[in-house]
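Peer 1: Take this structure, written in structure tokens, and hold onto it; I'll ask about it next.
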Amino acid sequence: MEGKNCIQLPEEKALKYSALSIMDLPAAEKTRAIKEAEIERLARDFAANKVSAAGVAYIVNDRTRVRRTLWLIGVIVCTLVMGYLTVKVIMEYLLYPKVLIKEDVIRHKLPFPAVTICSLNPIFGHFVEETSLKKFLELKKMMQKVKTEQ
């Protein structure tokens, strides 16, 4: 029965209302069927055009039920894997020990077979090459005077 008082129902409702037109339904059932059809149309439109997650539009728009099912399974599996990996990374981050111990030890006299390696040497090599022995001795005397005055 086709007429201006008939509406197109979604596929799931089509079997239920296949032989009936909207005119043959009670008023409450008519309103409910119209609202359900409109909500389903809006949900399909939203999923097909507004959701930016890859694959969701294929779940709604694909022609065959098999392909829609495969897309649904693929999207669910990818979402679960993403959730698992996200939780794993967050748990690893929260369990990582954050301990920082910085200790400076200054020793004026080292035992004889001592080796000192310092990459942050304040005296650069080119200063040593350009400085005369006389200036070095003057610096040494000045340092000794400072120590004796303290």
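The values are calculated or read from the model by the stated rules, or taken from the named source; none is laboratory data. Because the structure is predicted, anything quoted here is derived from the model rather than measured. Cβ placement follows ideal geometry from the backbone for every residue including glycine, while neighbour counts extend to all protein chains displayed.
Peer 1: Which one of these is surrounded by 10 or more Cβ atoms within 10 Å (Cβ to Cβ) and at pLDDT 70 or above: LEU137, LEU100? Walk me through it before giving the result.
Peer 2: Values: LEU100 fails: surrounded by 10 or more Cβ atoms within 10 Å (Cβ to Cβ).
Just one listed residue meets the conditions, LEU137.
Peer 1: Check VAL77 against each of (1) among the aliphatic types (A, V, I, L, M); (2) surrounded by 10 or more Cβ atoms within 10 Å (Cβ to Cβ); (3) modelled with pLDDT under 80 and name the one condition it does not meet.
Peer 2: Looking at each condition in turn, VAL77 falls short on (3).
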